[in-house]
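*Asks:* A single structure is presented below for examination.
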Amino acid sequence: MLIVHVFVNVKNEYIEAFKTATIENASQSVKEPGIARFDLIWEQDDPTKFVLVEVYRNKEATLKHKETAHYKKWRDTVESMMEKPRTSIKYINIFPDENGWG
């Protein structure tokens, strides 16, 4: 599994529009066979900060995801809503493993 945390700082006036666009993208993303999980989380203390938690079954799935129409639409829609360019950190899971065991 490959886990990607995408950090997004949204301009205050675009918070609701960003949530709407991102939920639409996430709803389509979870239908992709290579995606195990796709979460949108919102910082409690700063409503302009979000994290997308994307869990892919393998690296190839990340590449396929970036070629989908829903991802491209999201990317183009939210780019101007961001206070600064988004950043990401990639992780691999240690526990549980792909079978749900340690």
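*Asks:* Separation between the LYS49 and ARG37 pseudo-spin-labels, each 7 Å from Cα along Cα→Cβ, expressed in nm?
*Replies:* Rounded to a tenth, the inter-label distance reads 2.1 nm.
*Asks:* Turning to a different aspect of this structure: Can you run phi through the Karplus equation (6.51, -1.76, 1.60; θ = phi - 60°) for region 14-30 and list ³J(HN,Hα) in whole Hz, with x for Gly and Pro?
*Replies:* 3J(HN,Hα) across region 14-30, in whole Hz: 10, 3, 5, 5, 5, 4, 4, 5, 6, 5, 4, 5, 4, 4, 7, 4, 5.
*Asks:* Relative to the Cα centre, what is the charge dipole magnitude of region 2-92, using +1 at the beta carbon of each Lys and Arg, -1 at the beta carbon of each Asp and Glu, and rounding to the nearest 20 debye?
*Replies:* Dipole magnitude for region 2-92 comes out near 420 debye.
*Asks:* Compactness ratio of region 2-92: Cα Rg over 2.2 N^0.38 Å, N = residue count?
*Replies:* 1.03
*Asks:* Strictly over 19 Å apart at the Cα level, which of LYS11/LYS64; LYS64/LYS84; LYS19/LYS49; LYS31/LYS90 would you flag in this model?
*Replies:* LYS11/LYS64; LYS64/LYS84; LYS31/LYS90
*Asks:* Under the rule of at least 5 residues apart or a separate chain, name every residue whose amide H is placed under 5 Å from the amide H of ARG37.
*Replies:* Hits under the 5 Å cutoff: VAL55.
*Asks:* Moving to a separate point now. Assuming R0 = 25 Å, what is the FRET efficiency of GLU60 and ASN9, from their Cβ-Cβ distance, to the nearest 0.05?
*Replies:* 0.25
*Asks:* Multiplying the sequence separation of TYR91 and THR20 by 0.36 nm and subtracting their Cα-Cα distance, what value in nm do you get?
*Replies:* Values: separation 71, 0.36 × 71 = 25.56 nm, distance 2.65 nm.
Extending this stretch completely gives an extra 22.9 nm.
*Asks:* For VAL10, VAL55, which order do you get if you count the other beta carbons within 10 Å of each Cβ and list the fewest first?
*Replies:* VAL55, VAL10
Read the figures in this text as sums done on the coordinates, not as results from a lab. What you see is a predicted model, and the numbers here were worked out from it, not measured in a lab. Methodologically, a virtual Cβ is constructed for each residue, glycine included, from the backbone with ideal geometry; neighbour enumeration extends over all protein chains shown.
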